[in-house]
Amino acid sequence: MLITSSWCYLALAALAVLGAVVADGPKELMIQMKYPIDFDWPDEGIRETALADGSYKPINTIPTGIKVFKNIVYLCVPRWYDGIASTLNVVEGKKYEIGEQPKLTPWPDWSWQNASDCDRGIAFSMSVEIDPKGRVWVLDTGNNNLYERDTSLHKFFCPPSVLVFD
């Protein structure tokens with residue numbers, strides 16, 4: 001009897017969820033990013049050089065943080081491993097065609113993606129927040145490659161910091 005009651009509650013819950021989805025209408029896929037995730041490079045030669053010298057390793061490009069503000073999607077790509085070309089990126093918040101792969105655009109631009117520049121660089125974007133005035137707050141841990149098995153690749157360029165862009 002207990003099993004039957006549990007199944008009834010489960011069925012009612014499923015119907016409630018289905019009713020909510022139907023009432024709100026079907027959802028449409030807007031953006032789908034799949035491996036390999038690529039960047040909007042200044043030119044193909046720079047991309048090829050980065051692939052050759054290891055400063056860009058597509059397998060290590062794993063977005064883990066997301067924030068949406070107006071029509072911009074901010075994506076954090078922490079530098080847990082070597083080969084992350086840009087740690088804070090944006091994509092336009094628009095509908096992409098199925099199979100169309102949006103490229104990550106470094107934010108605020110490529111010059112800020114220098115992990116060893118403690119005055120004008122973002123080493124490791126862990127989190128991003130956007131306040132009601134549109135200011136972008138970035139939590140930068142200042143270290144890189146923490147998950148690399150080879151501990152000689154662990155890098156601590158800068159102290160942790162909070163960056164605010166207006």
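The values are calculated or read from the model by the stated rules, or taken from the named source; none is laboratory data. Computed from a predicted structure; not experimentally measured. All Cβ positions, glycine included, derive from the backbone under ideal geometry; neighbour counts span all protein chains shown. Just the protein is used for accessible areas: all its heavy atoms, side chains included, with ligands, DNA and RNA removed. Shrake-Rupley method; radii C 1.70, N 1.55, O 1.52, S 1.80 Å.
Conditions tested, residue by residue: (1) open to solvent by 80 Å² or more (accessible area, probe 1.4 Å); (2) at pLDDT 85 or above.
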| site | (1), (2) |
| --- | --- |
| Ile98 | yes, no |
| Lys103 | yes, yes |
| Asp119 | yes, yes |
| Val136 | no, yes |
| Glu148 | no, no |
| Thr151 | yes, no |
| Phe156 | yes, no |
| Leu163 | no, yes |
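Going through (1) within 22 Å of Tyr35 (Cβ to Cβ); (2) not in a strand (DSSP E or B) one by one, Val90 falls short only on (2). If Met33 passes every condition in (1) surrounded by fewer than 18 Cβ atoms within 10 Å (Cβ to Cβ); (2) more than 11 Å from the chain's Cα centre (by Cα); (3) farther than 30 Å from Pro159 by Cα but one, which one does it miss? It is condition (2) that Met33 fails.
Pairs are defined by a Cβ separation below 7 Å, a sequence spacing of at least 6 or placement on different chains, a first member in region 76-91 that is among the small types (Gly, Ala, Ser), and a second member that is part of a strand (DSSP E or B); the pairs so defined are Ala85/Phe39; Ser86/Phe39; Ser86/Leu104; Ser86/Pro106.
Of everything in region 109-123, what is of a type outside the set (Ser, Thr, Tyr), closer than 17 Å to Ile84 by Cβ, out of contact with any strand residue (DSSP E or B) (no Cβ under 6 Å at 6 or more places or on another chain) and assigned to a loop (DSSP other than H, G, I, E, B)? Give them in sequence order. Listed by number, the residues that qualify are Asp109, Asn114, Asp117, Gly121. Search region 61-96 for residues being among the small types (Gly, Ala, Ser) and closer than 18 Å to Arg47 by Cα, and hand back the single one that is surrounded by the fewest Cβ atoms within 10 Å (Cβ to Cβ). That would be Gly83.
Taking the criterion of being over 16 Å from Pro106 (Cβ atoms), of a type outside the set (A, V, I, L, M) and at pLDDT 90 or above, the residues of region 68-83 that qualify are Phe69, Lys70.
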